[in-house]
Structures are given as C-alpha cells and as structure tokens.
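A.B. asks: My structure is below; once you've seen it, I'll send some questions.
The values are calculated or read from the model by the stated rules, or taken from the named source; none is laboratory data. Remember, predicted model here, so these are calculated numbers, not experimental data. In this analysis, Cβ positions are derived from the backbone assuming ideal geometry, glycine residues included, and neighbour counts consider all displayed protein chains. Calculation scope for accessible area: heavy atoms of the full protein, side chains included, ligands and nucleic acids excluded. Shrake-Rupley method; radii C 1.70, N 1.55, O 1.52, S 1.80 Å.
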Amino acid sequence: SIVLCSPTMAFSNRMGGAQPWRTQYNVGRKTALSAMADTTDLIDENMNEILKGETPVLIDVYAPWCGPCRLIEPVLERCAEKWSGEVNLVKYDAESKNKGVKMEFVMGGVHPDKLPSLILYKDGKPVAKRAGMITDDEI
C-alpha cells in the first residue's frame, strides 16, 4: 500500500491503508444528495420528459467511483434546497448504458469529458456546462 501523508490527513491508494478522508468527506457512504428522495436519475426512458419540461434542469454527471463527484454532493444539496421549484436537479451516471442521453449530450455539444460535470438545460436545450469541483458561490 502506498500512503501519502500530510500534516492534516493521510491518503492511500486502492490497496487500503490509512483513509481518514473517507470519514471526513463521506466517501463510500450515502451522502446528502444520494440520500435525497426527490433526486431523479436521468435515463433514456425519462430524458424527454425531464429535459423538455418548463422548469430548467441541472444535471449532475457523476460516476460511483469518483471522489470529487461525492465531494460536491453537499453543495448540490444546498442548491437543490435553495432553488426548490425553480430548478430541477437530476443525476446522470456517466458509466450508464443510456445511449439516448449520451447522444443528446453529443448533439447538444455538452458531452461531459471530465467528472464531475454539471449541465444546465433550459427550454429543452443545453445553456451551460461546468466541469470539476465547484463551491456554493461559483454555482
């Protein structure tokens, strides 16, 4: 196991070792956004209904193994509470086999190339895309 140490925390590779960051950042546990009952997964079957609706949609593109994706969940939860009724928040697993959603992203010019990514749809069209970590103020 390779362990990198800093004065404040230790990290390790997949082989195990010291991992206090798992506790600090809730990695490996259900966190705020994944525990929210009203968060919808974007899949081929509900894509048209969600993206073409009247309410703007913020899509959280994530992967289950992505640490930074889990780190932005508390930010997204706060935004979901703040924007309740004004913006719908949905999640899209980048590793899913939903070809229709992937094609929609490609055709709209917003195919996520980095994780985490946030894509904003309004009136059925993509209007903004952001990749990487983000804070409450930046969102």
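A.B. asks: Only one of L76, L115 is aliphatic (A, V, I, L, M) and assigned to a helix (DSSP H, G or I); which?
C.D. replies: Values: L115 fails: assigned to a helix (DSSP H, G or I).
So the residue among L76, L115 that is aliphatic (A, V, I, L, M) and assigned to a helix (DSSP H, G or I) is L76.
A.B. asks: Now for a different question. Hey, N48 hits all of (1) open to solvent by less than 60 Å² (accessible area, probe 1.4 Å); (2) modelled with pLDDT of 50 or more but one; which does it fall short on?
C.D. replies: All conditions are met except number (1).
A.B. asks: While we're here: Which one of E81, E86, E104, E95 is touching a helix residue (DSSP H, G or I) at 6+ places or on another chain (Cβ under 7 Å) and either open to solvent by 30 Å² or more (accessible area, probe 1.4 Å) or assigned to a loop (DSSP other than H, G, I, E, B) (or both)?
C.D. replies: Working: E81 fails: touching a helix residue (DSSP H, G or I) at 6+ places or on another chain (Cβ under 7 Å); E86 fails: touching a helix residue (DSSP H, G or I) at 6+ places or on another chain (Cβ under 7 Å); E95 fails: touching a helix residue (DSSP H, G or I) at 6+ places or on another chain (Cβ under 7 Å).
E104 is the lone residue from the list that is touching a helix residue (DSSP H, G or I) at 6+ places or on another chain (Cβ under 7 Å) and either open to solvent by 30 Å² or more (accessible area, probe 1.4 Å) or assigned to a loop (DSSP other than H, G, I, E, B) (or both).
A.B. asks: Select from region 80-95 the residues that are in contact (Cβ under 8 Å) with a residue 40 or more places away in the chain and under 19 Å from G67 (Cβ atoms) and list them in ascending order. Before you say what the answer is, go through the steps one by one.
C.D. replies: We begin by selecting, within region 80-95, every residue in contact (Cβ under 8 Å) with a residue 40 or more places away in the chain; these are 80, 88-93.
Listed by number, the residues that qualify are K91, Y92, D93.
A.B. asks: Sort out which residues of region 130-139 are surrounded by 14 or more Cβ atoms within 10 Å (Cβ to Cβ) and not in a strand (DSSP E or B), and write them in order of number.
C.D. replies: Initially, region 130-139 is screened for residues surrounded by 14 or more Cβ atoms within 10 Å (Cβ to Cβ), giving 130-131, 134, 139.
Within region 130-139, I134, I139 meet the criteria.
A.B. asks: Given the criteria within 21 Å of P126 (Cβ to Cβ), surrounded by fewer than 19 Cβ atoms within 10 Å (Cβ to Cβ) and not basic (K, R), does P64 qualify? Steps first, please.
C.D. replies: Values: within 21 Å of P126 (Cβ to Cβ): no; surrounded by fewer than 19 Cβ atoms within 10 Å (Cβ to Cβ): yes; not basic (K, R): yes.
It is false that P64 is within 21 Å of P126 (Cβ to Cβ), surrounded by fewer than 19 Cβ atoms within 10 Å (Cβ to Cβ) and not basic (K, R).
A.B. asks: Quick one: what pairs do we get from region 105-120, first residue over 19 Å from P56 (Cβ atoms), second open to solvent by less than 30 Å² (accessible area, probe 1.4 Å), C-beta under 8 Å, 6+ apart or different chains?
C.D. replies: H111/F105; K114/G132; L115/V61; L115/A63; L115/C66; L115/C69
A.B. asks: Suppose we keep only residues that are open to solvent by 90 Å² or more (accessible area, probe 1.4 Å) and among the charged types (D, E, K, R) within region 107-129. Which one would you say is farthest from C69 (Cα to Cα)?
C.D. replies: D123
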